[in-house]
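Beneath this line is the structure, given in structure tokens, with notes to follow.
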Amino acid sequence: MYKAIKLTAFATLLTSITSCGFVNHIEERSAQINQQEDMILQLSKEKRDLNYQITKLKTEIAALETKNQFLTVQLKESSGQMPNRSRTVASVAPTQDATDLVQYDVYKWKPDQVLAVAQKEFSLNNFEKSAQFFYTFKKQFPESKKMNDQFLFQAGVASFESGKHYNWAISSFQKLIDNYPTSKFYRGSKLWMALANLKMGNEDKFFSAAEEFRKKYRNTPEWKILSTHYEKIVQRHKKN
């Protein structure tokens, strides 16, 4: 009986020791796993940062190549090796009667060069030049994956702000609305497209868009912008 009690006590002690060891083992493994996860997150962040830097450098390289092309062409013109640019101007969109700032047929721009110039001029608020380069990119490289929602939004805004290319703006905003319904630029595109339609005299389309904002997005900054124009149209129709 005494031996049986001793064996039971020993087994209990052994189990307790083994359990403590197992718990300690679990805690050590958890700490190792957490450390590994932290390391993975840090490496992922570093990878994202590196990819961003690579993209930024590629854009800067494209911009430098563009500048180099300009300088090369100017050098050739000054030495009489090619016709003066003023005599070779062709309109990107003849119906808009705009001076061609791209001259794609002359310079044979690469896709990254066109996009780099479009975005650079957009950041400088040079909207006419930006609009023409965005338009050229859409026309020459329609299957490019870089023509995403941000591209379409910037292209639309540049076209609108140029004060000349409202039809280009509507085309870009409509494509964004159709293809990117969850985009952060979706509601803004509806606003800009409504204003572009108003500029072109399409009051029915503007009024329809404004009504949508009045009913769905009444407490938004976009509605505050549209409401002024909306009320003017309503008052004018009441007078008539």
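The values are calculated or read from the model by the stated rules, or taken from the named source; none is laboratory data. If you're wondering where the values come from, they're calculated on a predicted model, not measured in any experiment. Here Cβ is always computed from backbone atoms with ideal geometry, including for glycine, and neighbour counts include all displayed protein chains.
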Within the set of pairs 6+ apart or on separate chains, which have a first residue in region 107-125 that is among the small types (G, A, S), a second that is surrounded by fewer than 16 Cβ atoms within 10 Å (Cβ to Cβ), and C-beta atoms under 7 Å apart? A116/T59
Does D100 meet the test of being modelled with pLDDT under 95, outside any helix (DSSP H, G or I) and not β-branched (V, I, T)? yes
Hey, does region 121-136 have a residue that's crowded, with 18+ Cβ neighbours inside 10 Å and within 19 Å of I225 (Cβ to Cβ)? yes
